[in-house]
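Structure record follows, encoded as structure tokens.
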Amino acid sequence: MVGVSGTELQEVRTEGIKAVPREMRISKRSRRKRRRFTAVGLPVIAGLCFLALWEFEVFHRLFQLRTYQLPLPSDIAKAIRDHVDLLLSYTGYTLTEAVLGMLLGSSIGFVVALLAAAWPKWGSASVLIVASLNAVPIVALAPIMNLWFSDGMGSRIAIVTVTTMAAMAINAHKGMNAVDPLAMDLMHSYAAKKLEVFRYLRVAGSLPYVFTALKINATSSMIGAIVGEFFYSSRGLGYLLSNSIKVAKMPLGWSCIVLAAVAGVIFYFIIERLEKWCIRWHSSQRT
């Protein structure tokens with residue numbers, strides 16, 4: 001048996017202690033890289049593969065489509081490049097309709113939820129009325145709103161307002177009623193007034209539900225604005241898309257679809273960032 005001196009044994013122990021944190025740091029760094037690749041890399045790779053299959057007409061052969069029916073991504077990119085000023089102008093016009101209509105509809109829906117939570121006997125019926133309005137199809141709303149607000153931007157804002165009220169009213173009302181009994185007992189133990197309980201417990205507790213409704217409305221508002229422009233409009237992505245299809249300019253029509261999707265995604269991410277900033281205290285944001 002080979003003898004080991006005390007100094008050598010101490011050095012081995014010191015090196016072992018130093019090696020463990022270093023290995024842990026490497027493993028944490030590798031886990032972060034894997035999470036980053038899973039969150040960003042995999043969607044990018046999947047999107048590039050999808051575009052490659054589309055560009056090489058795999059989908060055309062699979063679904064028996066012609067290029068005039070489903071333009072290639074390169075043709076759509078060329079149409080965007082050739083009409084970039086017009087497309088950006090119309091995208092801003094449609095996005096303005098969507099944002100204003102969503103803010104107005106979400107505000108009305110939140111007020112309805114407040115009334116329903118404050119006076120349950122009388123207010124719950126208002127939530128049902130707002131939910132019933134959401135069942136009305138946009139194609140039926142468009143002629144009515146055009147008759148009431150003319151064929152300007154106001155009619156599309158009204159359409160988006162009606163289509164976004166229900167999601168906010170239902171979600172906010174649910175959030176205001178999903179109160180933790182222990183939190184309610186704690187507020188009562190501090191002799192909190194009814195207004196304070198309503199403000200700090202019900203309204204504050206409903207904020208995660210409110211932002212869920214806003215994220216839903218971010219996409220539905222774009223749909224409402226574009227569909228409304230199909231019927232009565234002289235500007236906007238829906239108007240340009242409808243005219244492009246009528247004259248068989250499919251790459252230009254698909255460029256409207258692409259820009260509408262991009263605008264909707266950006267709108268959604270803005271609301272998601274606001275959610276993280278406004279409700280940093282919530283457990284969903286801490287995890």
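The values are calculated or read from the model by the stated rules, or taken from the named source; none is laboratory data. Note that this is a predicted model, so its numbers are computed, not measured. As a convention, Cβ positions derive from the backbone with ideal geometry for all residues, glycine included, and neighbour counts pool all protein chains shown.
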Cβ pairs under 6 Å, 6+ apart or interchain, first in segment 251-276 and under 15 Å from residue 226 (Cβ atoms) and free of Cβ contacts under 8 Å to residues at least 24 places away in the same chain, second polar (S, T, N, Q) and in a helix (DSSP H, G or I), ordered by first then second residue, are 253/244
Worksheet item: Is it the case that residue 268 is touching a helix residue (DSSP H, G or I) at 6+ places or on another chain (Cβ under 7 Å), more than 18 Å from residue 71 (Cα to Cα), hydroxyl-bearing (Ser, Thr, Tyr) and at pLDDT 90 or above?
Response: yes
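Residues that are under 30 Å from residue 178 (Cα atoms) and of a type outside the set (A, V, I, L, M): does segment 42-65 have at least one?
no
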Of (1) surrounded by 14 or more Cβ atoms within 10 Å (Cβ to Cβ); (2) within 30 Å of residue 204 (Cα to Cα), residue 119 satisfies every one except (1)
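Do you know which of the residues in segment 130-175 that are touching a residue at least 12 places away in the same chain (Cβ under 8 Å) and outside any helix (DSSP H, G or I) is nearest to residue 236 (Cα to Cα)?
By that ranking, first place goes to 151.
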Restricting segment 188-219 to residues that are surrounded by fewer than 22 Cβ atoms within 10 Å (Cβ to Cβ) and under 11 Å from the mean Cα position of the chain (by Cα), the one nearest to residue 145 (Cα to Cα) turns out to be 219
Is it the case, given these coordinates, that residue 142 is buried (at least 18 other Cβ atoms within 10 Å of the Cβ) and either at pLDDT 95 or above or touching a Gly at 6+ places or on another chain (Cβ under 7 Å) (or both)?
yes
**Prompt:** For segment 224-244, does any single residue satisfy the condition of being among the β-branched types (Val, Ile, Thr) and either farther than 30 Å from residue 139 by Cβ or free of Cβ contacts under 8 Å to residues at least 40 places away in the same chain (or both)?
**Reply:** no
Item to complete: May I ask you to verify whether residue 176 is assigned by TED's automatic domain parsing to the domain that holds residue 105, touching a helix residue (DSSP H, G or I) at 6+ places or on another chain (Cβ under 7 Å) and closer than 24 Å to residue 112 by Cβ?
Response: yes
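Restricting attention to segment 234-261, report how many residues are β-branched (Val, Ile, Thr) and within 19 Å of residue 219 (Cα to Cα). Give the steps one after another, and end with the answer.
From segment 234-261, those β-branched (Val, Ile, Thr) are 245, 247, 257-258; that's our starting set.
Narrowing further to those that are within 19 Å of residue 219 (Cα to Cα): 257-258.
Residues meeting the conditions: 2.
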When segment 198-244 is checked residue by residue, the ones that are touching an Asp or Glu at 6+ places or on another chain (Cβ under 6 Å) and either assigned to a helix (DSSP H, G or I) or not assigned by TED's automatic domain parsing to the domain that holds residue 85 (or both) are 211, 225, 238, 239
